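What follows is a set of notes on a single structure, which appears directly below.
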Amino acid sequence: MEEKDESKFNTEHVIPRSFGVFENNLVLKCVCKKCNDLFGSEFDEKLARDSIEAPERVRAGLKEASKFQTRGKRSTLQVRINEEGPLKGAYAFYVPGGDERSLNITLAPQVGFAESAEGPFEWFLLDDIPTKDELTAQGYGRDTVARSEGCSIERAQEVLEARGYARGTMEAKYQHANTEMLSKTLAQIGELDFRAISKIAFNYFAATQTAGIARMPEFNDIRRFIRYGIPVAERLVEVRTDPGTIERASDGTAARGHYLTVQTSGHRIIAQVSLLLRLRYVVTLSRTAFVIPYSPVSAHFFDLDTRRPALINPPPLF
């Protein structure tokens, strides 16, 4: 930590603005501009454009489908065809759907190889196609069938010839955006995601428990991980696929939004983060016991319909 003049600080939103603006929102004044700029350009962009939650922003009405973008070649988000048939496993990407809250998919430029025209095909993006020798080493013989998707036959043949393949016949069936094609989204959740989620969790802790407590040395590990990516021997963030549901007290209906919690487990202080109730991240904020017993408990749900944060009972940790 560094001591800085008050003029070096600005406002930090606990829930990134790309995931909704809320009345009486939780904000911080203890994050310096330098860190804020870093968090905005790296962490918030990663969550908004290149996370498993990113496409859900469109469906939740937080981003117009026509303006949704991934991080292009830097993206760790993959869409793969998941229905039986020759296209199974093929690469796709998101395109705007029929309205501003829906996304369709269209096939990416790629070539698939198989032992017969019926498949199954092994698909490669054009930049990732193996050389002829590499493909042969994988067990493909003279009768290998090549099929292009998402690009012209001419473009696919150019790439193949550059990698040592003889020009031959190729089947191409360019697929346009299709809402009926079954697909699955694969997200590589890595260090940058964990740091971004940890930042939200720690900001929530500071907003509900005071910045003074958040500056205590018991939180040095999580602070260094967020700011500099310095790991510790024990993983600080766990991903769970059971975010659960949040019911409105007024009528018992399922609410749409995000929840943040802080609670204790033994001598540890643990936070939970769930954006759009897609996944649940369990973040260890402090692993060491405090000299003076300290057991914080806080939980808020950020309702996308009312646009207000509300106190809730913390969902179970385990």
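Between residues in segment 150-167 that are at negative phi and free of Cβ contacts under 8 Å to residues at least 60 places away in the same chain and residues that are assigned to a loop (DSSP other than H, G, I, E, B) and hydrophobic (A, V, I, L, M, F, W, C), which pairs lie under 7 Å by C-beta distance while being six or more apart or on different chains?
Between residues of segment 150-167 that are at negative phi and free of Cβ contacts under 8 Å to residues at least 60 places away in the same chain and residues that are assigned to a loop (DSSP other than H, G, I, E, B) and hydrophobic (A, V, I, L, M, F, W, C), the close pairs are Ile153/Met170; Ala156/Met170; Gln157/Met170; Val159/Ile129; Leu160/Ile129; Arg163/Ile129.
Filter segment 146-167 for residues that are acidic (Asp, Glu) and crowded, with 18+ Cβ neighbours inside 10 Å and give the result. Let's see the steps before the verdict.
Taking segment 146-167 as the starting set, the residues that turn out to be acidic (Asp, Glu) are 149, 154, 158, 161.
Within segment 146-167, Glu149 is the sole residue that qualifies.
For Thr264, state whether it is in contact (Cβ under 8 Å) with a residue 60 or more places away in the chain and farther than 23 Å from His13 by Cβ. Spell out how you get there, then give the answer.
Details: in contact (Cβ under 8 Å) with a residue 60 or more places away in the chain: no; farther than 23 Å from His13 by Cβ: yes.
Criteria not met by Thr264.
Would you pick out the residues in segment 240-250 that are surrounded by 14 or more Cβ atoms within 10 Å (Cβ to Cβ) and in contact with a strand residue (DSSP E or B) (Cβ under 7 Å, 6 or more places away or on another chain)?
Of everything in segment 240-250, those that are surrounded by 14 or more Cβ atoms within 10 Å (Cβ to Cβ) and in contact with a strand residue (DSSP E or B) (Cβ under 7 Å, 6 or more places away or on another chain) turn out to be Arg240, Pro243, Ile246.
Does segment 273-287 contain at least one residue that is surrounded by 15 or more Cβ atoms within 10 Å (Cβ to Cβ), touching a Pro at 6+ places or on another chain (Cβ under 7 Å) and in a strand (DSSP E or B)? Steps first, answer last, please.
Taking segment 273-287 first, the residues surrounded by 15 or more Cβ atoms within 10 Å (Cβ to Cβ) are 273-287.
Narrowing the set further to residues that are touching a Pro at 6+ places or on another chain (Cβ under 7 Å) leaves 274, 277-280.
Next, only the ones that are in a strand (DSSP E or B) stay: 274, 280.
Yes; the residues of segment 273-287 include at least one that is surrounded by 15 or more Cβ atoms within 10 Å (Cβ to Cβ), touching a Pro at 6+ places or on another chain (Cβ under 7 Å) and in a strand (DSSP E or B).
When you check Thr253 against the structure, is it free of Cβ contacts under 8 Å to residues at least 60 places away in the same chain, surrounded by fewer than 20 Cβ atoms within 10 Å (Cβ to Cβ) and in contact with a Leu (Cβ under 8 Å, 6 or more places away or on another chain), yes or no?
no
Is it true that Arg80 is modelled with pLDDT of 95 or more, assigned to a strand (DSSP E or B) and closer than 26 Å to Leu277 by Cβ? I'd like the intermediate steps shown before the answer.
On the way: modelled with pLDDT of 95 or more: yes; assigned to a strand (DSSP E or B): yes; closer than 26 Å to Leu277 by Cβ: yes.
Answer is yes for this residue.
The values are calculated or read from the model by the stated rules, or taken from the named source; none is laboratory data. Note that the structure is predicted; figures quoted are calculated from it, not measured. No Cβ is skipped: glycine too gets one built from the backbone with ideal geometry, and neighbour counts run over all protein chains shown.
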